[in-house]
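K.L.:
Sharing a structure, written as structure tokens. Questions coming.
The values are calculated or read from the model by the stated rules, or taken from the named source; none is laboratory data. Here the structure is a predicted model, which is why all the values come from computation and not from measurement. Note: ideal-geometry Cβ built from the backbone for every residue, glycine included; neighbour counts use all protein chains shown.
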There are 2 protein chains.
Amino acid sequence: MEFRIINYKNSQRTGVITTSRGVIHTPAFMIVGTQGTVKAMSPDELKEIGAEIILCNTYHLYLRPGHEIIGRLGGLHSFINWNFPILTDSGGFQVFSLSSLRNITEQGVEFRSHLDGSLHFISPEKSMEIQLTLASDIAMAFDECTPYPADYEYVLKSSSLTNDWAKRCKAFHEKNNIQNQALFGIIQGGMYKDLRMMCLNELTSIGFDGYAIGGLSVGESKEEMYEIIEYIGNKMPFESPRYLMGVGDLRDVLKAVENGFDMFDCVMPTRNARNGTLFTSTGKISIKRTEYKDDPNPLDSECGCYTCRNYSRAYLRHLFLAREILSMRLNTIHNLYFYLNFFRNMREAAEIGRFRDFKNHWEGILEQDS
Amino acid sequence: MEFRIINYKNSQRTGVITTSRGVIHTPAFMIVGTQGTVKAMSPDELKEIGAEIILCNTYHLYLRPGHEIIGRLGGLHSFINWNFPILTDSGGFQVFSLSSLRNITEQGVEFRSHLDGSLHFISPEKSMEIQLTLASDIAMAFDECTPYPADYEYVLKSSSLTNDWAKRCKAFHEKNNIQNQALFGIIQGGMYKDLRMMCLNELTSIGFDGYAIGGLSVGESKEEMYEIIEYIGNKMPFESPRYLMGVGDLRDVLKAVENGFDMFDCVMPTRNARNGTLFTSTGKISIKRTEYKDDPNPLDSECGCYTCRNYSRAYLRHLFLAREILSMRLNTIHNLYFYLNFFRNMREAAEIGRFRDFKNHWEGILEQDS
């Protein structure tokens with residue numbers, strides 16, 4: 001993996017990550033494909049809307065169908081028929097948010113599957129082994145996602161454990177990485193700036209291909225989130241990609257890009273699509289509203305997606321009310337196209353020195369949605 | 001609409017129906033798109049697998065979103081983005097199978113919507129008005145689908161009503177058909193050959209563009225169904241398309257094609273797909289079975305569909321168990337491709353005088369599934 005910064009101005013930057021499976025233009029939005037499929041989408045449709053990278057979940061794929069099966073079938077790319085970059089998360093977040101009976105020791109985490117209650121143990125080494133078997137392009141170090149709220153003592157202890165695990169991840173990964181997989185470290189530290197800084201220092205001294213901020217967008221206020229983003233963004237290594245995990249609200253994205261972040265992921269566009277909430281150039285709309293019942297216009301007359309080129313709001317409303325699968329498909333295509341287009345326009349604006357205009361324009365629109 | 005017979009041998013025939021929106025090769029399988037969408041499919045995917053005609057349900061579209069809305073938006077083709085032929089059923093079957101509180105009079109049927117309990121009245125004229133507003137290429141006369149079992153007296157009365165309604169449908173349709181919509185009559189008569197014959201005679205004396213057999217595949221035995229198919233098929237007008245409604249089990253199709261039928265519709269391939277039951281050149285398979293958990297092979301190595309070209313049984317099993325939308329999509333593409341391919345091969349076999357070989361071959365395979 002190689003990262004090249006193309007444009008840099010007032011902390012904000014654009015760049016290109018090059019992997020053996022393709023390039024990723026940054027700031028990048030990574031579409032979430034939890035179980036080895038982006039809900040309602042085919043790989044061809046992802047390519048068509050310009051997706052350059054997707055994110056798959058280690059925890060889910062480990063439990064079902066099992067990483068070994070995927071490994072035997074040639075790895076995740078071949079299994080899911082997506083030949084472009086894939087980032088896998090570490091499994092940490094889901095172990096802590098989805099499973100029950102978590103027993104955390106220095107060694108790792110024992111937990112019960114949310115699917116069938118079966119008992120499992122994931123250590124930093126195991127997470128690396130799973131991700132190497134999945135053969136993703138970018139793996140994430142195994143971490144404990146610090147809950148919110150949490151007192152200083154707890155966060156200190158948890159973050160220190162994450163840092164120890166990061167070291168073990170790096171050691172195991174270095175020894176077993178035969179396929180040029182990149183490995184990113186995750187900076188925890190909760191809402192405490194000095195702990196964030198401690199984590200950052202420890203991780204950079206270990207040395208990773210990229211650095212992520214975990215433990216944000218977990219219930220804290222926007223003010224708290226923004227304080228951490230503003231504090232940490234530009235202290236992270238300049239020459240490596242900076243990934244803000246799980247953040248996808250576009251106002252948060254604008255704030256983070258302004259502070260030097262390069263990568264994002266979020267289920268917001270896909271989940272909202274299935275619930276009938278659609279992003280447009282003038283703000284969000286709920287497609288079930290009566291006012292659209294015989295509206296012949298596309299969702300967004302400024303949008304060039306397959307849905308907007310071919311279907312009326314009236315038909316989309318009908319499909320949604322009739323709970324048809326095509327409703328989820330067309331809505332997802334639209335929302336993902338919107339997101340990728342937003343990021344594309346943001347990069348272009350930045351490259352001609354107009355990021356601030358772009359941000360002001362969108363903050364005006366997004367304000368109305370909140 | 002024009003119907004031309006290309007090949008005729010031992011009752012069995014192949015032909016071409018030409019409409020202003022495209023041709024339909026017969027024997028034809030019409031894919032069911034109840035609510036104005038074929039479940040899990042996009043119109044582009046339907047084109048790609050070679051679909052020439054789809055069937056939409058008058059009852060459903062009348063209730064939601066309402067035919068008037070569809071009419072205002074330019075008709076059903078434009079509304080659903082499918083510019084090839086559409087056949088609409090009469091609404092009769094669903095009025096009798098889905099709604100509650102049916103009050104049948106000579107005038108028509110009063111019923112309550114299965115969606116919200118609201119009260120509605122559909123007469124033969126109303127059914128024609130709805131279908132003309134939807135602007136389908138082929139409309140069906142409004143009928144009472146005779147239940148099974150039913151005694152002679154009931155069937156006589158019910159069939160006679162259907163015949164009266166057929167006359168009124170024809171009269172209304174003739175007066176208001178400004179768009180070259182074809183109209184098919186429906187032959188009822190239950191399991192009574194003389195009543196089937198009575199209906200056939202009455203309908204041909206009214207005169208329709210095509211003739212359908214209704215009231216089969218409603219719970220009767222295969223023997224009873226085949227008796228009617230064998231009895232009536234070749235008595236139906238030679239020069240018009242013969243449509244066997246709601247029949248799609250491939251053994252029944254083979255029997256009906258042997259007896260001169262040209263058109264079929266059934267939810268079987270789409271519904272089975274969503275339930276994980278898939279048709280292959282060697283018989284049906286249930287994708288959830290453990291034996292497929294690391295099977296790298298396509299569903300059917302002889303199949304050329306998108307699913308078989310790109311995905312393993314192991315991945316399809318995973319998607320099914322994970323209840324992913326892509327599971328329903330890929331399975332539906334495969335089953336519909338299989339059905340259309342079956343019909344294509346059947347036509348080709350017939351045209352080179354090998355229909356009997358084709359039938360014997362498939363009966364051997366289908367036997368194992370039953």
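K.L.:
Go through the residues of the stretch A:327-344 one by one and say whether even a single one is within 14 Å of another protein chain (Cβ to nearest Cβ), more than 22 Å from the chain's Cα centre (by Cα) and surrounded by 15 or more Cβ atoms within 10 Å (Cβ to Cβ).
P.N.:
yes
K.L.:
Go through the stretch A:276-305 and give me each residue that's within 14 Å of chain B (Cβ to nearest Cβ) and within 24 Å of the chain's Cα centre (by Cα).
P.N.:
Hit for the stretch A:276-305 is A:Cys305, nothing else.
K.L.:
Condition check: in contact with a Pro (Cβ under 6 Å, 6 or more places away or on another chain), at pLDDT 95 or above, surrounded by 18 or more Cβ atoms within 10 Å (Cβ to Cβ) and not in a loop (DSSP other than H, G, I, E, B). Does B:Phe79 satisfy that? Can you show your working first?
P.N.:
Details: in contact with a Pro (Cβ under 6 Å, 6 or more places away or on another chain): no; at pLDDT 95 or above: yes; surrounded by 18 or more Cβ atoms within 10 Å (Cβ to Cβ): yes; not in a loop (DSSP other than H, G, I, E, B): yes.
Criteria not met by B:Phe79.
Listed here are the residues, each with its yes/no results for (1) in contact with a Phe, Trp or Tyr (Cβ under 9 Å, 6 or more places away or on another chain); (2) at pLDDT below 95; (3) over 23 Å from B:Lys175 (Cβ atoms).
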position: B:Glu110; (1), (2), (3): yes, yes, yes
position: B:Ser123; (1), (2), (3): yes, no, no
position: B:Ile138; (1), (2), (3): yes, no, no
position: B:Phe142; (1), (2), (3): yes, no, no
position: B:Glu153; (1), (2), (3): no, no, yes
position: B:Ser159; (1), (2), (3): yes, no, yes
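K.L.:
Is there a residue in the stretch A:311-321 that is touching a Pro at 6+ places or on another chain (Cβ under 8 Å), within 12 Å of chain B (Cβ to nearest Cβ) and either part of a loop (DSSP other than H, G, I, E, B) or surrounded by fewer than 17 Cβ atoms within 10 Å (Cβ to Cβ) (or both)?
P.N.:
The answer is yes; a qualifying residue exists.
K.L.:
Any chance you could count how many residues in the stretch B:44-74 are within 8 Å of another protein chain (Cβ to nearest Cβ) and in contact with a Phe, Trp or Tyr (Cβ under 6 Å, 6 or more places away or on another chain)?
P.N.:
Looking only at that region, the number is 1.
K.L.:
Given the condition in a helix (DSSP H, G or I), loosely packed, with under 14 Cβ neighbours inside 10 Å and in the same structural domain as B:Glu302 (by TED's automatic domain parsing), answer yes or no: does some residue in the stretch B:352-359 qualify?
P.N.:
Taking the stretch B:352-359 as the starting set, the residues that turn out to be in a helix (DSSP H, G or I) are B:355-359.
From what is left, the residues that are loosely packed, with under 14 Cβ neighbours inside 10 Å are B:357.
Going one step further and asking which of them are in the same structural domain as B:Glu302 (by TED's automatic domain parsing), we end up with B:357.
Yes, that holds for at least one residue.
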